[in-house]
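K.L.:
The structure's right below; bear with me while I get my questions together.
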Amino acid sequence: MTLERKVAEAFSMSDDAWIRHANPWSGWTRFLTALPLLIIAVWSRVWLGWWSLIPVAIAVFWIWLNPRIFPKPQSTNNWISKGVLGERVWLNRDQIPVPQHHHFMPNILNAISAFGGIVLVWGLIVLNIWITLLGFTLVTLGKLWYIDRMVWLYSDMKDVNQEYQSWLY
């Protein structure tokens, strides 16, 4: 089982949640709001003390809720939807192998995002805005490039499997 599938299961990502997350409104609102909300929520400990756990819980709830509240998209023939579909293909690579040229970069980009996450957490711990912004930038750029790679992966894999092909409409 891939690490990505374990994460998806931890967030209870059913087939229905995945297709709803392929709605561009879900993909973009999650990408644009989830991390900033979490950063602000954690930073709010300066003003709210332990009460900051409430905005942190709300931010985490938003991350979980987002793929579930939007309807099935009218079309998945757009960049962000294909990125979400590619993520599904990537997490399923132990069941349906992906082309060799897709093996390296997603792991590198996830490593960049993970390193950015460590920098971001450090910035939040020491309350340094510049370290926090550097970490945020690394996470965001790594994730954007990762999504772009997932679009490419989906484009390469959509005709390999009938289920994958059915996701594009």
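K.L.:
Evaluate the relative contact order of region 80-169 (contact order divided by residue number), counting alpha-carbon pairs under 8 angstrom at least 6 apart; express in whole percent.
P.N.:
Relative contact order for region 80-169 comes out at 42 percent.
K.L.:
What's the angle, to the nearest 10 degrees (0 to 90), between helix 24-43's Cα axis and the longest principal axis of the chain?
P.N.:
Compared with the principal axis, the helix lies near 20 degrees.
K.L.:
Between the helical axis of 79-91 and the dominant principal axis of the chain, each derived from Cα atoms, what acute angle in degrees is found, rounded to the nearest 10?
P.N.:
That helix lies at roughly 80 degrees to the long axis.
K.L.:
Add -39500 (n - 2.57) for each DSSP H run of 4 or more in the chain, then divide by its residues: what number comes out at 222 nm, to the nearest 500 deg cm²/dmol?
P.N.:
One gets -24000 deg cm²/dmol as the mean residue ellipticity at 222 nm.
K.L.:
Mind checking the alpha-carbon convex hull of region 3-166 and giving the volume per residue in Å³?
P.N.:
About 107 Å³ per residue, rounded to a whole number.
K.L.:
How big is the equivalent ellipsoid of region 1-99 along its three axes, where each semi-axis is √(5λ) from the Cα gyration tensor, reported in whole Å from largest to smallest? Before the final figure, lay out the partial values.
P.N.:
On the way: eigenvalues 164, 52, 24 Å².
That gives 29, 16, 11 Å for the three semi-axes.
K.L.:
Would you mind working out the magnitude of the charge dipole of the chain relative to its Cα centre, with +1 at each Lys and Arg C-beta and -1 at each Asp and Glu C-beta, to the nearest 20 Debye?
P.N.:
On the way: 13 positive and 10 negative charges, 63 e Å.
With only Lys, Arg, Asp and Glu charged at Cβ, the dipole is about 300 debye.
K.L.:
What's the angle, to the nearest 10 degrees (0 to 90), between helix 105-126's Cα axis and the longest principal axis of the chain?
P.N.:
The two axes meet at around 10 degrees.
K.L.:
Moving on. Place a +1 charge on the Cβ of each Lys and Arg in region 1-95 and a -1 charge on the Cβ of each Asp and Glu, then give the dipole magnitude about the Cα centre in debye, rounded to the nearest 20.
P.N.:
Details: 10 positive and 6 negative charges, 23 e Å.
My answer is approximately 100 debye.
K.L.:
By a straight-distance test (C-alpha under 22 Å), which lysines pair with K6 as possible cross-link partners, with residues fewer than eight away in the same chain excluded?
P.N.:
Candidates past the 8-residue exclusion: K82, K143.
K.L.:
Could you give me the ³J(HN,Hα) list for region 136-144, computed from phi with Karplus coefficients 6.51, -1.76, 1.60 and θ = phi - 60°, whole Hz, x at Gly and Pro?
P.N.:
4, 5, 4, 4, 5, 5, x, 5, 4
None of the figures in this text is laboratory data; all of them are computed from the coordinates on show. Note that the structure is predicted; figures quoted are calculated from it, not measured. FYI the Cβ positions are ideal-geometry reconstructions off the backbone, even for glycines, and counts take in every protein chain you see.
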